[in-house]
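To start, the structure itself, in structure tokens.
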Amino acid sequence: MNNEVKILAPGTVANMVCGFDILGFALHQPADEMWMRLLPEKRVVIHPDPQYNLPTDPEKNVAGAALLAMLDAIDEPLGFEVKITKHIKPGSGIGSSAASAAGAVVGANALLGGRFSKTDLVQFAMFGEKLASGVKHADNIAPGIFGGVTLIRSILPLDVVALPSPELYVVIVHPQIEVRTADARAILRQKILLKDAIKQWGNIAGLVAGLTTKDYALIGRSLEDYLIEPVRSILIPGFDLLKQQCKAAGALGGGISGSGPSVFMLCQTEAIAHAVEKIMINLYTGLGIAHHTYCTTISNAGITTQPNNNPVFAPL
Ligand code: ADP
């Protein structure tokens, strides 16, 4: 009963430019650290990170909501205890809630000897996303659980496609401004023009083909969003200039991460990624907006677990 697992649950980028709600990818950094063990009765105990005032009530913490959904599918007297140290700031747009929800179910599955499939785990973790944003979306959860780039072909029924991807550097800037997910959803147009939809379909297909064939130029050409970005980017100061400067420095392209305020750029080489990071820092320093940057790569592993040899929980 005292066996513990340690989980590394990385950030994820959803709404991958033209792939609103359907394409996302896992990052190497930043990553939340979590520790878990089994309990001998049906309950969930959460020790959230004290630095962020997150709920301890398992029904209100996304990790708890995901684990309670998993317990509903288990006909045995067992439960889970979870400790979370957050390195992904909640509300940053790089999948903070998804890391906790998906990390918790991946950790639980490791404690249970891997009895659930990855698709089952996505289904459980989506209860966490429903709690965080009101919508049961999977484009942050799935890349965490499957690793790499994932396509959510359908939510009902759930159909996740893990896509191959060439090595890609990811540079992210998180301007410390608040963009409420509800506001970012409320401003979206509910109707789109057929001519814009056709351009978007072309880009989604081009992006998937480019990732599969490792065609960087095709990936770059396909990283354009005609539907969401023109509306949402007004919530992010300096967005157009940032994108223009990053592309001029060699970035393949990029856009808003999740519903913002973070912005990401994909790059083919480390040297270009460092140049892009400098541009981000200079631009937001110039605008007088506090910010944080990450220069990392797409993680094909996603969430990982290992036995924890330095126990964090007191013996039961
Ligand atoms: P992000 O895109 O960074 O995940 P969201 O706005 O989708 O940001 O999710 C953060 C919301 O989820 C916050 O309201 C936060 O209080 C809530 N939340 C509940 N439990 C957690 C948790 N364990 N980790 C992160 N956020 C959590």
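The residues of segment 62-83 that are open to solvent by 10 Å² or more (accessible area, probe 1.4 Å), closer than 28 Å to MET16 by Cα and within 13 Å of the ligand (Cβ to nearest atom), listed by number, are VAL62, ALA65. Pairing residues of segment 278-293 that are more than 17 Å from GLN244 (Cα to Cα) with residues that are in a helix (DSSP H, G or I) and acidic (Asp, Glu), at Cβ distances under 6 Å and at least 6 apart in sequence or on separate chains, gives THR293/GLU277. Residues that are within 11 Å of the ligand (Cβ to nearest atom) and under 23 Å from THR304 (Cβ atoms) were ranked within segment 36-61; the one that is surrounded by the most Cβ atoms within 10 Å (Cβ to Cβ) is ASN61.
Where helices (runs of 4 or more DSSP H) fall entirely within segment 189-233, those with at least 1 residues that are of a type outside the set (Gly, Ala, Ser) and over 20 Å from THR150 (Cα atoms) are at 194-213, 229-232.
Could you go through segment 70-81 and let me know if any residue there is in contact (Cβ under 8 Å) with a residue 40 or more places away in the chain and part of a helix (DSSP H, G or I). Within segment 70-81, one or more residues are in contact (Cβ under 8 Å) with a residue 40 or more places away in the chain and part of a helix (DSSP H, G or I). The set of residues in segment 85-133 being open to solvent by 30 Å² or more (accessible area, probe 1.4 Å), without any contact (Cβ under 8 Å) to a residue 60 or more places away in the chain and within 10 Å of the ligand (Cβ to nearest atom) consists of PRO90, SER97, SER133.
The values are calculated or read from the model by the stated rules, or taken from the named source; none is laboratory data. All values reported here derive from a predicted model rather than from experimental measurement. Cβ coordinates were reconstructed from backbone atoms using ideal geometry, including for glycine residues, and neighbour counts include every protein chain displayed. Each accessible area value is taken on the protein alone, full model and side chains, heavy atoms only, with ligands, DNA and RNA left out. Shrake-Rupley method; radii C 1.70, N 1.55, O 1.52, S 1.80 Å.
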